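Asker: This is the structure I have questions about; it appears just below.
Bear in mind that the values in this text are calculations on the coordinates, not laboratory data. No experiment lies behind these values; they were computed from the predicted model shown. When we count neighbours, we look across all protein chains shown, and the Cβ atoms used for this are built from the backbone with ideal geometry, even at glycine.
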Amino acid sequence: QLQACGGGLVQAGGSLRLSCAASGRTFSSYALGWFRQAPGKEREFVAAINWAASATRYADSVKGRFTISRDSAKNTVYLQLNILKPEDTAVYYCAAGVDRGSYFYTSYDMYNYWGQGTLVTVSS
C-alpha cells in the first residue's frame, strides 16, 4: 500500500513537500511517480524517479519548480513543490510500477500500485 500526505492550502509562490510511504512490501526495484488530477480534468503525469534514484522525469509544466526524490531505506518517495501556482491545484497521487524505463514513466498504465491522493490547493 501507498500512503500519501503533505497536501494543504498554500498561497501562490509558496512551497509544500509531499510524502508517500509504502507499506506491506518493498518498492526498491520499482519506479515511483506522482500524478495529479484537477477538478474536471484527467489525471496527468507530474514526475517519476527510477529504482536507483539515478534518473528522473518531469512534466514540462513543473520542470524547474518540483523535485522528486526517494529514500529506499524508508520506502518513501517525496515531491518538493516550489513556486506553486493556482494551476497546480489538484489531488496528487503517488504510484509505483515495475521500472520499464523512463520512456514509460508518463503512462499511468505502467504503475501497479496507487496511493489514495492528497489535496494541494494553491490560492492566488
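Asker: With θ taken as phi - 60° and the coefficients 6.51, -1.76 and 1.60, list the Karplus ³J(HN,Hα) couplings across the stretch 17-28 in order, rounded to whole Hz; mark glycine and proline as x.
Answerer: Along the stretch 17-28, the couplings run 10, 8, 10, 9, 9, 9, 9, x, 6, 9, 10, 5 Hz.
Asker: So in the chain, which Cys have no other cysteine's beta-carbon sitting under 4.7 angstrom from theirs?
Answerer: Cysteines lacking a close Cβ partner in the chain: 5.
Asker: If you don't mind, there's one more thing I want to ask. In debye, nearest 20: dipole of the chain around its Cα centre with unit charges on the Cβ of K, R (+) and D, E (-)?
Answerer: Here the chain has a charge dipole of around 180 debye.
Asker: Here's another thing I want to ask about it. Straight-line reach from residue 41: which aspartates and glutamates fall under 20 Å, measuring Cα to Cα and dropping same-chain residues less than 8 apart?
Answerer: 60, 87, 88, 109
Asker: For the stretch 33-124, which GluC sites (Glu not before Pro) are both in a DSSP coil and crowded by at most 16 other Cβ atoms within 10 Å?
Answerer: For GluC sites (Glu not before Pro) across the stretch 33-124 that sit outside H, G, I, E and B with at most 16 neighbouring Cβ atoms in 10 Å, the list reads 42.
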